[in-house]
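Quick notes on the structure that follows.
The values are calculated or read from the model by the stated rules, or taken from the named source; none is laboratory data. Small disclaimer: the values here were computed from a predicted structure and weren't measured. Every residue, glycine as well, gets a Cβ built from its backbone with ideal geometry; the counts of neighbours run over all protein chains shown.
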Amino acid sequence: MRLNELKDNQGATHRKKRIGRGIGSGKGKTGGRGVKGQKSRSGVTVGGFEGGQMPIYMRLPKRGFNAPNAKTYQELSIANLNRALEAGKIDSKTDYDGAALVEAGVIRRVKDGVRLIGAGKVSKAVKLHVSGATKGAIAAVEAAKGSVTVLDEETVYRGKGEKQDRSGKVSKADKKAAALAAAPVEAPKAEAAPAPKKAAAKKAPAKKAAKADDGVSAYLEPTQKFDADADNAVVTKIEKYLGASLKNRDAKYVSCTDETELDTIVKGFMKKKMGVDDKEAALEKVKAVCATMKPVRMKNRVTFYYLLAQNEGKLGEF
């Protein structure tokens, strides 16, 4: 065997077909494209063109619907939940919601809520507060003497064939129940009409008076755990600064394990409000507050921003 005798096996390689190189090549003249017409030219994509008539994909009726306000849930399987329990990431003494599961490292993000899915066995008891759960998943957790609390029953898809009715229509059973409940109240018609108006008139000033008298922020007590001399006025101003974001259950708390959220705090609060332009220095200060609040499982955003402003000596800006 010599080097000049080395060659591929028979049929292992093929010569490229050279088109448009004369009749003898087998693909001469039109190069395999037929004769004349639009498709014989290069750079043309006809696709579903049907000579100018209405294409079939436009003639056929359309089916289906994509809801513009559809929710995307973060799924947590029973298998992953059991791995987290065995690894010691979560325990049976604490109630876990979406934010707590993210902080414990069980899931990466909450999205529009957490859905517990799958079936199997859970080695330890655990208390979960989720947006939805399948029958098999609930049975698996309850078999281990745990509990599953569904937070929003009206918007949860809880398994095959159990989609909640979002049409707003009242079922016959509900109509009958409403009729039975309203039957004994219909007798005194003259007295029933003014009664609710009087009750509403009495309750309205009571609520306003309660708001006027109670001027203590709900975030003052959690903040005083880290600063005993925390001023209620400053805490209230930070609460107003955050505004509507505190109404969102996920945005109400700070997740120190989410790098995206920490980066948002650095670019937003630290740079715009605190005036810290150095990104790395600002990130270190944010992580320092994370270390300070480490004993607290749920780090509320008002206390977190209060400690950031206190470390910068800029509580007076609120």
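State the number of residues belonging to the range 231-279 that are touching a residue at least 40 places away in the same chain (Cβ under 8 Å), among the polar types (S, T, N, Q) and closer than 21 Å to residue 104 by Cα. Going through the range 231-279 one residue at a time, the tally reaches 2.
Going through the range 293-313 one residue at a time, which ones are closer than 16 Å to residue 229 by Cβ, touching a residue at least 12 places away in the same chain (Cβ under 8 Å) and surrounded by fewer than 16 Cβ atoms within 10 Å (Cβ to Cβ)? Working first, answer last.
The first filter runs over the range 293-313 and keeps only residues closer than 16 Å to residue 229 by Cβ, leaving 303, 306-307, 309-311, 313.
Narrowing the set further to residues that are touching a residue at least 12 places away in the same chain (Cβ under 8 Å) leaves 303, 306-307, 309-311.
The one that is closer than 16 Å to residue 229 by Cβ, touching a residue at least 12 places away in the same chain (Cβ under 8 Å) and surrounded by fewer than 16 Cβ atoms within 10 Å (Cβ to Cβ): 311.
Would you check if residue 305 is in contact with a strand residue (DSSP E or B) (Cβ under 8 Å, 6 or more places away or on another chain) and not aliphatic (A, V, I, L, M)? Steps first, please.
Working: in contact with a strand residue (DSSP E or B) (Cβ under 8 Å, 6 or more places away or on another chain): no; not aliphatic (A, V, I, L, M): yes.
When the stated conditions are applied, residue 305 does not pass them.
Do we have residue 175 as outside the structural domain of residue 252 (by TED's automatic domain parsing), basic (Lys, Arg), farther than 25 Å from residue 93 by Cβ and at pLDDT below 95 here? The answer is yes for residue 175.
Return the residues of the range 1-31 that are surrounded by 12 or more Cβ atoms within 10 Å (Cβ to Cβ) and part of a loop (DSSP other than H, G, I, E, B); say none if nothing qualifies. Give the steps one after another, and end with the answer.
Narrowing the range 1-31 to residues surrounded by 12 or more Cβ atoms within 10 Å (Cβ to Cβ): 18-21, 25, 27-31.
Selection gives 18, 19, 20, 21, 27, 28, 29, 30, 31.
Helices (runs of 4 or more DSSP H) fully within the range 53-157 that include at least 1 residues being among the polar types (S, T, N, Q) and not assigned by TED's automatic domain parsing to the domain that holds residue 256: 78-87. The lone criterion from (1) modelled with pLDDT of 90 or more; (2) loosely packed, with under 10 Cβ neighbours inside 10 Å left unmet by residue 75 is number (2).
Given 279, 252, 273, which one is closer than 16 Å to residue 234 by Cα, modelled with pLDDT under 85 and outside the structural domain of residue 108 (by TED's automatic domain parsing)?
Numbers: 279 fails: closer than 16 Å to residue 234 by Cα; 252 fails: closer than 16 Å to residue 234 by Cα.
Of 279, 252, 273, the one residue that is closer than 16 Å to residue 234 by Cα, modelled with pLDDT under 85 and outside the structural domain of residue 108 (by TED's automatic domain parsing) is 273.
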